[in-house]
Amino acid sequence: MRSDEGDSTLTMAPGIVSAPSSTSSRAKRSVLVVDDEPSILGLLKALLDADYIVFCAKNTREADAIIKAHPINAVVCDHFMPIENGLSFLVRLRNTHPHISRILLSGCTVPEVLLAAINQSGVQRYLIKPINVFELKQALGDAMREYDTSTRHMGLGKENADLRSSIQKVLSHSASLTESPAKLLAISFLGLLAVLAVALLLGLLVFVLLYSLKSALGIDFLPNWSHTDGL
């Protein structure tokens with residue numbers, strides 16, 4: 001965060017001491033705050049600790065490492081930082097972790113930057129400095145709801161894919177069962193033909209053997225055949 005961004009002091013909305021906690025009835029969500037000024041990181045962490053599990057990073061490299069190591073629900077990122085600016089980081093985050101909600105902080109009010117933040121990184125909120133604490137907490141509440149919606153859609157998409165896969169398997173199995181009787185009938189018919197052919201061959205061999213013995217030994221193994229010959 002640079003001094004040329006304008007006053008970076010966090011402000012309170014008139015008459016508001018603190019935004020009400022939205023996480024008292026459920027497990028705390030995780031927020032990653034990225035800012036190159038340690039004092040701002042400490043202040044934001046102190047303000048958000050009551051409602052969220054807060055991770056802090058002084059640059060986008062540290063932020064990448066934290067995202068790899070911990071489940072993150074939302075990222076609050078300053079725009080003007082060394083190494084890589086916040087907008088570029090959030091563009092990458094949108095591509096690699098689209099389910100993580102993104103909030104960009106900046107003192108810049110140039111329309112081109114605002115449009116780029118919305119169109120390129122798909123930020124849920126663009127907060128102009130000095131940051132109003134109530135607006136920041138409200139933005140995080142909205143971001144968590146969007147995170148829930150996004151992950152719910154991802155879960156439904158996976159369930160639909162699993163369901164389609166299961167239906168495809170059932171249909172394939174049904175098709176194989178439909179083809180099985182015809183295959184079994186064809187195999188049975190071929191087997192029967194093979195048995196008949198073997199039986200016929202054995203019959204012919206026995207007949208030839210008995211006839212040969214009759215001629216060689218004069219033994220009538222086939223009296224009916226002999227009677228027929230006499231006729």
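Of everything in segment 79-105, what is more than 20 Å from GLU146 (Cβ to Cβ) and within 26 Å of the chain's Cα centre (by Cα)? Give them in sequence order. Before the answer, list the steps.
Going residue by residue through segment 79-105, those that are more than 20 Å from GLU146 (Cβ to Cβ) are 79-85, 88.
Residue satisfying the conditions is SER88 alone.
What's the number of the only condition in (1) modelled with pLDDT of 90 or more; (2) farther than 18 Å from VAL54 by Cα; (3) assigned to a helix (DSSP H, G or I) that LEU140 fails to meet?
Going through the list (1) modelled with pLDDT of 90 or more; (2) farther than 18 Å from VAL54 by Cα; (3) assigned to a helix (DSSP H, G or I), LEU140 breaks only (2).
Answer with yes or no whether LEU115 is closer than 15 Å to VAL76 by Cβ and either in the same structural domain as ALA27 (by TED's automatic domain parsing) or surrounded by fewer than 21 Cβ atoms within 10 Å (Cβ to Cβ) (or both). Write out each step before concluding.
Details: closer than 15 Å to VAL76 by Cβ: no; either in the same structural domain as ALA27 (by TED's automatic domain parsing) or surrounded by fewer than 21 Cβ atoms within 10 Å (Cβ to Cβ) (or both): yes.
When the stated conditions are applied, LEU115 does not pass them.
What tally of residues in segment 37-63 results from selecting those that are of a type in the set (A, V, I, L, M, F, W, C) and assigned to a strand (DSSP E or B)?
Total satisfying the criteria: 5.
Given the structure, is PRO130 at pLDDT below 75, surrounded by fewer than 20 Cβ atoms within 10 Å (Cβ to Cβ) and either touching a Cys at 6+ places or on another chain (Cβ under 9 Å) or in the same structural domain as TYR52 (by TED's automatic domain parsing) (or both)?
Numbers: at pLDDT below 75: no; surrounded by fewer than 20 Cβ atoms within 10 Å (Cβ to Cβ): yes; either touching a Cys at 6+ places or on another chain (Cβ under 9 Å) or in the same structural domain as TYR52 (by TED's automatic domain parsing) (or both): yes.
No: the conditions fail for PRO130.
Mind checking which residues of segment 87-101 are in contact with a strand residue (DSSP E or B) (Cβ under 8 Å, 6 or more places away or on another chain) and farther than 17 Å from GLU62 by Cβ?
Here is the first cut: in segment 87-101, the ones in contact with a strand residue (DSSP E or B) (Cβ under 8 Å, 6 or more places away or on another chain) are 87, 89-90, 93-94, 100-101.
LEU87, ARG94, SER101, listed by residue number.
Which of the residues belonging to segment 42-67 are of a type in the set (Gly, Ala, Ser) and at pLDDT below 95?
Those that are of a type in the set (Gly, Ala, Ser) and at pLDDT below 95: GLY42, ALA46, ALA50.
The values are calculated or read from the model by the stated rules, or taken from the named source; none is laboratory data. All values derive from a computational prediction rather than experimental measurement. With ideal geometry, Cβ positions are generated from the backbone for all residues, glycine too; neighbour counts draw on all protein chains shown.
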